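Since the structure comes first, as structure tokens, the remarks are kept for the end.
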Amino acid sequence: MSAIEPPVQRLWWKQPLDRAELLWIVIALVWCLILFFMMPYWHLYGKQNLANEAYRESPDEYAKKTEAMVAKYKVREEGGDLKVPVVHPPAGGDAYLIARLWSWYPILELEAGKTYRLHLMSMDYLHGFSLQPENINIEVLPGYDHVITVTPTHPGAYGIVCNEYCGIGHSTMTNKLYVVK
Amino acid sequence: MAVNRMFRTCPTTGLVFHQPAEQLIKANAVAGVVFLLIGGILAIGVVLTRWPAVHLLPADRFYQVLTAHGLDMLIFWVIFFEIAVLYFCSSTLLKARLATPRMAWAAFGLMVLGALMNNYSVTRGDSSVMMTSYAPMGAHWTFYLGLILFAVGALVACFVFFGTLVVAKGERTYIGSVPLVTFGAITAAIIAVFTIASGAIILIPTLLWSVGLISHIDPLMYRTIWWAFGHSSQQINVAAHISVWYAIAAIVFGAKPLSERVSRSAFLLYILFLQLASAHHLLADPGLSSNWKIFNTSYAMYLAVLASMVHGLTVPGAIEVAQREKGYNQGLFEWLRKAPWGNPVFSGMFISLIGFGFLGGISGVMMGTEQLNLITHNTLYVPGHFHATVVIGTTLAFMALTYFLIPVLFRREIMFPAMAKWQPYVFGLGMAGVALFLMAAGTLGVPRRDWDITFAGNTFPYEFPGSAFLMLGLAGISGLIAIVGGAMYLLNTVGSVFLGRKIATPGFRHVRATEGVASAQKPVAQPSTVAAAITGHGGRIGAWGLVAPGTFSLAMVFLVSFVLYYFINWKYLATVWPLR
């Protein structure tokens, strides 16, 4: 009779539905379909999608590409004695960002309204690219060069926080990203 | 070897306990509670460190404590208790002897050994890798071996459960189909087998890697398969705690399911689709296509979400019908107002249901949406979500069930009844605060698993807004309230089980049953009651042609909250930088 005893009617799958249940199932199913189709819809009409462009890459090769970009487009250094290069890659071009224990390298300076191919890859453990206060969060894996085609909207100094636990120095892994006019 | 066929009948409830099954249910439940105690003590360290104004522990200790807290709570506490629930749902509810009690004890031994070994590895200090232990961050080999031993033990226990179903069927201890609650437990056990297999597939190579026998573990492969273990193990919880909801509705109210067909079909949807949720954790990862992400993250068009929404209606709906039949038939909510709010078995279960649905369910679907994940991935939003699902949903449901099991299974009186009465409210409200404020902090971008979000001493620090610190402070206070609620549960449970006044059972004896328990009588299907269960009780109760109009209204409130919150987040997403 109750839920802890065998059903009274042996052929329980022949039991008719209650009206409240039927109504709710129909409503819930419609809502579930809306939930589902919002994702393809946003791919077609929304502006925030991951293209899932990624390449297998070795840390050495990735570091080489990053250093080539730094050598070519460095505009200044910051961070006192650390002398972290600030790099201003050309609009429409590739911008490489290295994630490693426990820093981001280099500092990127992008132009508002321009589109960049932002590369993210880790040299060691997993890291998390968290752009604040914009709140864009992307997983960064070693061995996978993840390319995000991004268009910064507003000028300002943004923070990059690591939000994938990467060991004892996890909290120290923060950096800047500049967007200029 | 002779098969133990000794049974006792609980004089209060009429439930029938097989002697070895009873011992095993007790042992597994007690082991679960021990790990809840350890995890609860560790929670103090987590709460007081992430509360920026207190910031108690140094970084290395914090990550160590957080690792152990996650494992002891999410894996060891819930799975030990779930094994107890599985044995209860098979042996006790089917009035059958437990199959192979010795294997069940071996399983228990393996699980205890594995859990202790894993905890030992974390105390070493070189295995603070979080529950997820993402390769290539490596832990000591005992970390993986402990988890593998525990998983093998749990797998054996699942097969003891399946074996008991076979025994019950073979010895005809019940007529017809298994009860709905057992059906839900079968769902949980099937998901558990899938989960444990996934765990083995990834943890065995990782163990070999940790001792140097394998040179490389691909990080994306690790994440994909590990989450088929990590997320699916939380789906065991969902199936198990929803079974507990149905059981409590039946125990407290004598409620019968609105329709067996609907509730069982919903469980079937879980079996078919819940395992796809590994994708929830990979939505912001490189190397996977959007097609893969969308299909998997939505459980193939949200069919498992549909199932949860159905259970969310049918459990309180069944309670409403039972209450209305008792005469609480006025208006929309008399049935709910007159519910036994002072009985922790009911109040715990109902808070679990509301918290799981409103806080856990809605937030889970939101952040499990491919694009919306971008604004929540790896933020505190994630722990906010799963403290609503696993803690308010699963843990509180299990706590509620404990208040029923102490007198029935352990034959002890609850030591502090007044404390028991308040405990679900203290724990539930504290944890609801934790969930809400962590989600709020996550919405503001605060990362999870981070020792210090002031980033003091960093060359390029980022300053979170003051509102984020306010949310973390409120989460800290809520966390302390929840810890008090947890301590009330532990004190009462441990006290009652070991020191509580024994409930006298006149004429107590174990009865030997030669075949089954010989008590299975064919339920006489009286035409009138069958018709009542089916046809909406002849229009005697309810309103608007619905037997459960109150529950239906609550469901509509839920739907409206869901729709609003979901689209607010799309609006938020639309404001961030365009990317493709």
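The values are calculated or read from the model by the stated rules, or taken from the named source; none is laboratory data. All values reported here derive from a predicted model rather than from experimental measurement. Here Cβ is always computed from backbone atoms with ideal geometry, including for glycine, and neighbour counts include all displayed protein chains. Only protein heavy atoms, including side chains, enter the accessible area calculation; ligands, DNA and RNA are left aside. Shrake-Rupley method; radii C 1.70, N 1.55, O 1.52, S 1.80 Å.
Of all the residues in region A:139-155, those that are in a loop (DSSP other than H, G, I, E, B) and either open to solvent by 10 Å² or more (accessible area, probe 1.4 Å) or more than 18 Å from residue B:373 (Cβ to Cβ) (or both) number 6. Only residues that are under 27 Å from residue B:12 (Cα atoms), surrounded by fewer than 22 Cβ atoms within 10 Å (Cβ to Cβ) and touching a Gly at 6+ places or on another chain (Cβ under 6 Å): list them for region B:413-430, please. Selection gives B:413, B:415, B:421.
Sort through A:165, A:158 and tell me the only one that's in a loop (DSSP other than H, G, I, E, B), modelled with pLDDT of 95 or more and open to solvent by 10 Å² or more (accessible area, probe 1.4 Å).
Values: A:158 fails: in a loop (DSSP other than H, G, I, E, B).
After applying the criteria, what remains is A:165.
Hey, does region A:4-11 have a residue that's among the basic types (Lys, Arg) and either more than 12 Å from every other protein chain (Cβ to nearest Cβ) or under 19 Å from the mean Cα position of the chain (by Cα) (or both)?
Residues of region A:4-11 among the basic types (Lys, Arg): A:10.
Next, only the ones that are either more than 12 Å from every other protein chain (Cβ to nearest Cβ) or under 19 Å from the mean Cα position of the chain (by Cα) (or both) stay: none.
No, the conditions are met nowhere in region A:4-11.
Taking every residue in region A:123-138 that is more than 7 Å from every other protein chain (Cβ to nearest Cβ) and surrounded by 24 or more Cβ atoms within 10 Å (Cβ to Cβ) and pairing it with any residue that is among the acidic types (Asp, Glu) and not in a loop (DSSP other than H, G, I, E, B), at least 6 positions away or on another chain, the pairs with Cβ-Cβ distances below 8 Å are A:129/A:139.
For region B:162-182, the set of residues classified as crowded, with 24+ Cβ neighbours inside 10 Å, within 14 Å of chain A (Cβ to nearest Cβ) and in a helix (DSSP H, G or I) consists of B:168, B:180, B:181, B:182, listed by residue number. Looking only at residues in region B:304-317 that are facing chain A (nearest Cβ under 7 Å) and over 17 Å from residue B:359 (Cα atoms), the one that is nearest to the chain's Cα centre (by Cα) is B:314.
Across region A:168-181, the qualifying residues are those that are open to solvent by 10 Å² or more (accessible area, probe 1.4 Å), farther than 14 Å from residue A:100 by Cα and not in a loop (DSSP other than H, G, I, E, B), and the one among them that is nearest to the other protein chains (Cβ to nearest Cβ) is A:176.
Take the conditions open to solvent by 10 Å² or more (accessible area, probe 1.4 Å) and within 7 Å of another protein chain (Cβ to nearest Cβ) and apply them to residue A:115. Does it pass? No.
Residue B:300 fulfils the conditions (1) of a type in the set (A, V, I, L, M); (2) on the phi < 0 side of the Ramachandran plot; (3) over 21 Å from the mean Cα position of the chain (by Cα) except for a single criterion, (2).
Going through B:340, B:344 one at a time, which residue ends up being open to solvent by 10 Å² or more (accessible area, probe 1.4 Å), under 21 Å from residue B:78 (Cβ atoms) and not hydrophobic (A, V, I, L, M, F, W, C)?
Working: B:340 fails: under 21 Å from residue B:78 (Cβ atoms).
Sole residue among the options that is open to solvent by 10 Å² or more (accessible area, probe 1.4 Å), under 21 Å from residue B:78 (Cβ atoms) and not hydrophobic (A, V, I, L, M, F, W, C): B:344.
With respect to (1) more than 7 Å from every other protein chain (Cβ to nearest Cβ); (2) of a type in the set (D, E, K, R); (3) open to solvent by less than 70 Å² (accessible area, probe 1.4 Å), the lone exception for residue A:18 is condition (1). Inside region B:354-383, residues that are in contact with a Gly (Cβ under 7 Å, 6 or more places away or on another chain) and either assigned to a loop (DSSP other than H, G, I, E, B) or more than 14 Å from chain A (Cβ to nearest Cβ) (or both) make up a count of 7.
Looking across region B:263-293, just one residue is open to solvent by 10 Å² or more (accessible area, probe 1.4 Å), in a helix (DSSP H, G or I) and at the interface with chain A (Cβ under 7 Å from one of its Cβ atoms), and that is B:290.
Of all residues in region B:96-128, count the ones that are open to solvent by 50 Å² or more (accessible area, probe 1.4 Å) and either part of a helix (DSSP H, G or I) or free of Cβ contacts under 8 Å to residues at least 12 places away in the same chain (or both). The number of residues fulfilling the criteria is 9.
From the list B:17, B:81, B:76, B:35, pick out the single residue that is closer than 27 Å to residue B:104 by Cβ, aromatic (Phe, Trp, Tyr) and open to solvent by 10 Å² or more (accessible area, probe 1.4 Å).
On the way: B:17 fails: open to solvent by 10 Å² or more (accessible area, probe 1.4 Å); B:81 fails: open to solvent by 10 Å² or more (accessible area, probe 1.4 Å); B:76 fails: open to solvent by 10 Å² or more (accessible area, probe 1.4 Å).
The match here is B:35.
Residues in region B:188-200 include none that are surrounded by fewer than 18 Cβ atoms within 10 Å (Cβ to Cβ) and farther than 25 Å from residue B:107 by Cα. In the set (1) at pLDDT 95 or above; (2) within 11 Å of another protein chain (Cβ to nearest Cβ), the condition left unmet by residue B:186 is number (2).
If you check A:104, A:42, A:31, which single one turns out to be within 13 Å of chain B (Cβ to nearest Cβ), more than 28 Å from residue B:136 (Cα to Cα), of a type in the set (Phe, Trp, Tyr) and open to solvent by less than 20 Å² (accessible area, probe 1.4 Å)? Before you say what the answer is, go through the steps one by one.
Numbers: A:104 fails: more than 28 Å from residue B:136 (Cα to Cα); A:42 fails: open to solvent by less than 20 Å² (accessible area, probe 1.4 Å).
Going through A:104, A:42, A:31 in turn, just one is within 13 Å of chain B (Cβ to nearest Cβ), more than 28 Å from residue B:136 (Cα to Cα), of a type in the set (Phe, Trp, Tyr) and open to solvent by less than 20 Å² (accessible area, probe 1.4 Å): A:31.
Residue count for region B:237-257 under the criterion of being open to solvent by 10 Å² or more (accessible area, probe 1.4 Å) and more than 10 Å from chain A (Cβ to nearest Cβ): the result is 2. A count restricted to region B:559-573 and to residues that are surrounded by 13 or more Cβ atoms within 10 Å (Cβ to Cβ) and either in contact with a strand residue (DSSP E or B) (Cβ under 9 Å, 6 or more places away or on another chain) or away from every other protein chain (no Cβ under 11 Å) (or both) stands at 3.
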